[in-house]
Number of protein chains: 2
Amino acid sequence: MKIYNQTQIMGAMDMKVAASRIAEGFIAYSQGRVQVPPVQNFTFEQANGDCCIKSAWVEGSKTFTVKISTGFYDNPANGLASNDGLMLVLSAQTGQPQVLLQDEGWLTCIRTALAGRIAAERLAPSVISGIGIIGTGVQARMQLEQLMPLTDCRRLIVWGRSQAALDDYRQFAQSLGFEVTTTQDCEQVARNANLIVTTTPSRQALLQSAWIQPGTHITAVGADGGGKQELEAELVARADIIVVDSVYQCSQYGEVSHACKQGLVASERLIELGKLLYSQAKGRENDQQITLADLTGVAVQDAQISAYAMQACQEAFPGV
Amino acid sequence: MKIYNQTQIMGAMDMKVAASRIAEGFIAYSQGRVQVPPVQNFTFEQANGDCCIKSAWVEGSKTFTVKISTGFYDNPANGLASNDGLMLVLSAQTGQPQVLLQDEGWLTCIRTALAGRIAAERLAPSVISGIGIIGTGVQARMQLEQLMPLTDCRRLIVWGRSQAALDDYRQFAQSLGFEVTTTQDCEQVARNANLIVTTTPSRQALLQSAWIQPGTHITAVGADGGGKQELEAELVARADIIVVDSVYQCSQYGEVSHACKQGLVASERLIELGKLLYSQAKGRENDQQITLADLTGVAVQDAQISAYAMQACQEAFPGV
């Protein structure tokens, strides 16, 4: 079994190729060609930590993947990152472990950002006047980086709770060439951007329906578990097109679940991202529609990103 | 993260210590102190393979374990072993991966054999006149090895379907000092042994109730999934004491499930191994009782054996 670390993995991968692999994964998932066993979860109460184990196999592919992600929220006080993780890629032909990707959670971050890129590619308005980012963390950075190949727009407004975090984010975004406005008022983001990505673990809606301009596309990636919510349910209901990574999962949690449970959105309105990608249809019909992509994260993304990371690392580091 | 291979793991471990760790695990499990998320399963139809992912954390312990086991049954035709596997031990305090045990499935085999040893220690009759083994595979060998410290009896009768496999097993057992009889008739095992271990993946009962002598203890480890059966349901019902590794799991599959589903055994009769061990009571009351241990395999065994293997390897190979 070969082992690659985070630096090697980051150096070996081409994000355009990675995006196409993730897109293929969404299509396979929506076509029912992916084996996804139930997620395993642990809670470590005393250590303020948790662990989740996600596994998937795209039927017909040569490998399958087991991903272990941990979050231990007292780690930073001890000089350690909160999140850690690794992916194991095994042969679907012999069962033998092929590659251990010690990505420390990076692959999970990037596959989430790539899903945002794929959704925006299909759903963003034809003219992007401003990009809005809700949140200032790692995912807020990666989502911005992944939007850059899709648009020439370099006007950015970013929301955060902490001015220090906003200042850090401003530096980061300026180094990418953005003209940056920071704000602690979510409404300002909605008023000044028509491509918005929400990336926080909020448990209360941050964006209200009334603030959103016609023609806006919103990608929401924060609500990856029960109780989380970034968008007002009315905003979900108002969207002309609602795309989800998994109809099943988004009815359990994610932005859409709240609107469904309140009876504001019928499940027939949900379009699975893989179906949208497979249909080759443009997601939005005009530049007045509001579109939403609710991305809760599915294990097929892990299977696809790890298979590609393995291939890319083997090519980049043949001696390992 | 440190990595140890099968040879290192096998060399580092003391089986007596390992047995006590497994016993502690059974006790914790029966006391409800173990987090055991649902098992993940894959089926690879074209490759004639499967994979199962079991994870467990004994609450309060410093590590938790994720085990990946594969079985690809066409592998031998390509010069590969059918079974492979590894265990990952992670910190329950920081989430960081600690050790990768590339045991190739050996730890699963030995934790199963150690469960048999623990059950026999509590349930075997006071005088063992003959040991009977049903099956000739790896587990049939390991079970025999693990019984040796419990008894001076070196009379063995072994059953298998293939004379070649029986001849191989005879050589193996003779090298351990056993006087060996081989047979292709299960009744002969029952008639000539009062400590019997069944180790096959049979889907039809091999041992009939009428053949079993009073005072016999039977450990059954083969029926580790749906549809498997080594003992006639009437034999399970006839047992005076029925011990199971998991009441829940053995009501789903395992030897006991067949008898329960036929209404021959009430679930109140089942005694969980951890409860038996914790009670400090002797399992059998006299040398006329028939006792049964139905061991389907529980993830706490993996958590315990891997935590000990990690410790033993770190002590044996401090430089790794």
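Every read-out reported here was derived from the displayed coordinates using simple, explicitly stated rules and does not represent laboratory data. Note that the structure is a prediction, hence the values are computed from the model and not measured. In this analysis, Cβ positions are derived from the backbone assuming ideal geometry, glycine residues included, and neighbour counts consider all displayed protein chains.
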Could you give the length gained on full extension between residue B:48 and residue B:162, defined as 0.36 nm per residue of separation minus the Cα-Cα distance, in nm?
38.8 nm
With θ set to phi - 60°, apply the Karplus curve 6.51 cos²θ - 1.76 cosθ + 1.60 along the range B:122-128 and write out the HN-Hα couplings as whole Hz, x wherever there is a Gly or Pro.
8, 10, 5, x, 5, 10, 9
DSSP beta bridges in chain B, what fraction antiparallel, as a percent rounded to 5?
45 percent
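What does the charge dipole of the protein assembly as shown about its Cα centre add up to, to the nearest 20 debye, if the Cβ of each Lys and Arg holds +1 and the Cβ of each Asp and Glu holds -1?
Values: 48 positive and 62 negative charges, 13 e Å.
The calculated dipole for the protein assembly as shown is roughly 60 debye.
Does the range A:226-273 classify as rounded, prolate or oblate by the C-alpha gyration tensor (a ≥ b ≥ c root eigenvalues; a/c under 1.5 gives rounded; else a/b over b/c gives prolate, otherwise oblate)? Intermediate values should be presented prior to the final figure.
Details: a/c = 1.43, a/b = 1.06, b/c = 1.36.
Rounded, since a/c falls under 1.5.
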Could you give log10 I(q)/I(0) at q = 0.12, 0.13, 0.19, 0.20 Å⁻¹ for the range B:125-298, computed by the Debye formula over C-alpha point scatterers of equal weight, without solvent?
-0.50, -0.59, -1.27, -1.40
If amide H atoms are built 1.01 Å from N in the plane of the peptide, which residues on other chains or at least 5 residues away come under 5 Å of the amide H of residue A:55?
A:67
Residues of the range A:195-224 with amide nitrogen under 20 Å from the 7 Å Cα-to-Cβ point of residue A:286?
A:195, A:212-218
Alpha-carbon centroids, the range A:138-159 and the range B:134-162: separation in whole Å
65 Å
Restricting to DSSP H runs of at least four residues, report the calculated mean residue ellipticity at 222 nm for the protein assembly as shown, -39500 (n - 2.57) per run over all residues, nearest 500 deg cm²/dmol.
-10500 deg cm²/dmol
Near residue B:228, which aspartates and glutamates are there with a Cα under 17 Å away, not counting those fewer than 8 places off in the same chain?
B:50, B:245, B:255, B:294
Lysines whose Cα lies under 25 Å from that of residue B:62, excluding same-chain neighbours fewer than 8 positions away:
A:54, A:67, B:2, B:16, B:54, B:275
Quick one: Cα centre-to-centre distance for the range B:1-17 and the range A:183-212, in angstrom?
53 Å
Stick to Cα atoms and the Kirkwood definition of Rh, then tell me Rg/Rh for the protein assembly as shown.
1.06
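Taking the alpha carbon gyration tensor of chain B, what are the square roots of 5 times its eigenvalues, largest first, to the nearest whole Å? Show your work: numbers first, answer last.
Values: eigenvalues 179, 102, 79 Å².
Taking √(5λ) for each eigenvalue gives 30, 23, 20 Å, largest first.
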Let's test the formula: R0 of 45 Å, r as the Cβ-Cβ distance of residue A:82 and residue A:155. What FRET efficiency results, to the nearest 0.05?
0.90
Build a GNM of chain B with springs between Cα atoms under 10 Å: which of B:115, B:307, B:210 gets the top mean-square fluctuation?
B:210
What share of the DSSP beta bridges in the protein assembly as shown is antiparallel, in percent to the nearest 5?
45 percent
Backbone N within the range B:151-167 under 15 Å of label point (7 Å from residue B:211 Cα along the Cβ vector):
B:157-162
Estimated distance in nm for a label pair at residue B:187 and residue B:129, the labels positioned 7 Å out from Cα along Cα-to-Cβ:
1.8 nm
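For the range A:121-193, take the convex hull of the Cα atoms, compute a quarter of its surface area, and give me that in nm², please. If you can, show how the numbers build up before the last one.
Numbers: hull surface 17.8 nm².
Quarter of the Cα hull surface area: 4.5 nm².
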With a bin width of 5 angstrom, please list the P(r) values of the range A:12-106 as percents of all Cα-Cα pairs, from the 0 bin to the one holding the largest distance.
3, 12, 16, 20, 21, 13, 9, 5, 1
Shielding of B:79-88 by partner chains, average beta-carbon count, 10 Å
3
Straight-distance crosslink candidates among aspartates and glutamates, where the alpha carbon sits under 12 Å from residue A:282 and sequence neighbours closer than 8 are dropped:
A:121
